[in-house]
Amino acid sequence: MNRRDFLKVAGSGALIASSSGTAEARGNLEPPPEAVGMLYDSTLCIGCKACVVKCKDVNDMPAVTDEHNPQWDQATELSADTLNIIKAYTDGSAETKNAETDGFAFIKRNCMHCVDAGCVSVCPVQAMKKDPKTGIVSHDPDVCIGCRYCVAACPYNIPKYEYDDAFGQIQKCQLCNQKGVERIDNGQLPGCVEVCPTGANIFGTRDELLAEAKRRVAMKPGEENTFPLGTVGSPHGHVAPAADYQPHVFGEHEGGGTQVMVVSGVPHTELGLPDLPDRSYAAVSETVQHSIYSNMLAPAGLLAGLLYFARRNTQEEGQDKDKEEQS
Ligand code: SF4
Ligand code: SF4
Ligand code: SF4
């Protein structure tokens, strides 16, 4: 191939690249209209851990014990045996509940059931799925290949792998609605919500939970209010003075939004919740991937052109040789 031909091919490759353009940025996914979730109110939580015990019971998970204390569950972190944990925040003298300075507070950690979930986006075999109706993020162990991409992709460090099992699986909260449990489909509350004695953890649609969360953060500190038990519209509840809430509903926008939301008296970052941008990780990573694949059209076009000219030159050389032999 001569220099002119080469430049022609290179030019056609660039044309393909410019006509393909850069892949469009993908926005955050929206929650399904009937998305369900939970609202955790740190100011109402008394740290009793009834939810931790019930979660283990519902999901048939063993207690985490050690040789010094074999009769009690010792779990302090989420693991493949613990899908829900209550942690404590303390500062200074730790005297005042829900105060950032010299105070203490509780935080419940479990899957946030992200609206645009990173774990779902990266799973190569769709073992991690988001239910199109409820928005619940569930895991199918029969499909999972154990690659652990979901572990790396979760901004909340939630999915846990069973490293001590040769055929280990991923474990995480599935909002009590996985195969063999199906509490939501059967009209029951999630286990952790059912046993919460103070209404610190309630179940409902994302829309009604968000409205309830906003009602709470707008309350005047010390003013008496009714806090429902179980669900937002429950006739059962208790009257209590409102805490001094942070003016923020965690999960309304963070990382593209979540279906498990948190309100608190202490800033969410002090409670160990990450400070995430509004754009979901899934939207960012899928945009980057699509851009890479789309821009690969240019080198692919260039390669196709080079192969065409190389083949044509070889054919021409062959024909010249034939002519020489005949003459
Ligand atoms: S470990 Fe399983 S669920 Fe997680 S990304 Fe890999 S295949 Fe999907
Ligand atoms: S919190 Fe993590 S595991 Fe749960 S849905 Fe979001 S990305 Fe997936
Ligand atoms: S919804 Fe079910 S699995 Fe999730 S934390 Fe609550 S009890 Fe555990």
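The values are calculated or read from the model by the stated rules, or taken from the named source; none is laboratory data. Note that the coordinates shown come from a computational prediction; the quantities given were computed from them, not determined experimentally. FYI the Cβ positions are ideal-geometry reconstructions off the backbone, even for glycines, and counts take in every protein chain you see. Note: accessible area is taken over every heavy atom of the protein model, side chains too, but ligands, DNA and RNA are not part of it. Shrake-Rupley method; radii C 1.70, N 1.55, O 1.52, S 1.80 Å.
A few points about this structure:
- Selection within region 124-165 - assigned to a loop (DSSP other than H, G, I, E, B), touching a strand residue (DSSP E or B) at 6+ places or on another chain (Cβ under 8 Å) and more than 22 Å from ASP275 (Cα to Cα): ALA127, ASP131, THR134, GLY135, ILE136, ASP140, PRO141, CYS144, GLY146, ARG148, GLU162
- In summary, PRO132 fulfils each of the numbered conditions (1) open to solvent by 20 Å² or more (accessible area, probe 1.4 Å); (2) within 16 Å of ligand 3 (Cβ to nearest atom); (3) over 11 Å from the mean Cα position of the chain (by Cα) with the single exception of condition (2).
- So GLY255, is it over 30 Å from GLY92 (Cβ atoms) and touching a helix residue (DSSP H, G or I) at 6+ places or on another chain (Cβ under 8 Å): yes
Yes/no matrix, rows are residues, columns are (1) without any contact (Cβ under 8 Å) to a residue 24 or more places away in the chain; (2) away from ligand 1 (no atom under 16 Å from the Cβ); (3) out of contact with any His (no Cβ under 8 Å at 6 or more places or on another chain); (4) among the charged types (D, E, K, R):
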| position | (1), (2), (3), (4) |
| --- | --- |
| TRP72 | yes, yes, yes, no |
| LEU78 | no, no, yes, no |
| ASP81 | no, yes, yes, yes |
| ALA88 | no, yes, yes, no |
| THR101 | yes, yes, yes, no |
| PHE104 | yes, yes, yes, no |
| LYS108 | no, yes, yes, yes |
| CYS111 | no, no, yes, no |
| GLY118 | no, no, yes, no |
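- The residue that is nearest to the chain's Cα centre (by Cα), counting only those in region 164-176 that are surrounded by fewer than 19 Cβ atoms within 10 Å (Cβ to Cβ) and within 12 Å of ligand 1 (Cβ to nearest atom), is GLN169.
- Filtered residue count, region 120-129, keeping only those that are free of Cβ contacts under 8 Å to residues at least 60 places away in the same chain and open to solvent by 20 Å² or more (accessible area, probe 1.4 Å): 5
- Restricting region 177-224 to residues that are acidic (Asp, Glu) and under 21 Å from VAL262 (Cα atoms), the residue that is surrounded by the most Cβ atoms within 10 Å (Cβ to Cβ): GLU212
- Filter result (more than 25 Å from ALA283 (Cα to Cα), open to solvent by less than 60 Å² (accessible area, probe 1.4 Å), touching a residue at least 60 places away in the same chain (Cβ under 8 Å) and not acidic (Asp, Glu)) within region 27-51: TYR40, SER42, THR43, LEU44, CYS45, ALA50, CYS51
Yes or no, residue by residue, for (1) closer than 16 Å to TYR156 by Cα; (2) open to solvent by less than 40 Å² (accessible area, probe 1.4 Å); (3) at pLDDT below 95; (4) part of a loop (DSSP other than H, G, I, E, B):
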{"position": "MET261", "(1), (2), (3), (4)": "yes, yes, no, no"}
{"position": "HIS268", "(1), (2), (3), (4)": "yes, yes, no, yes"}
{"position": "VAL284", "(1), (2), (3), (4)": "no, no, yes, no"}
{"position": "HIS290", "(1), (2), (3), (4)": "no, no, yes, no"}
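- Of residues in region 135-154 being open to solvent by less than 40 Å² (accessible area, probe 1.4 Å) and over 16 Å from LEU83 (Cα atoms), the one farthest from ligand 2 (Cβ to nearest atom): GLY146
- ILE85 within 16 Å of ligand 3 (Cβ to nearest atom), among the hydrophobic types (A, V, I, L, M, F, W, C) and either open to solvent by 30 Å² or more (accessible area, probe 1.4 Å) or modelled with pLDDT of 95 or more (or both): yes
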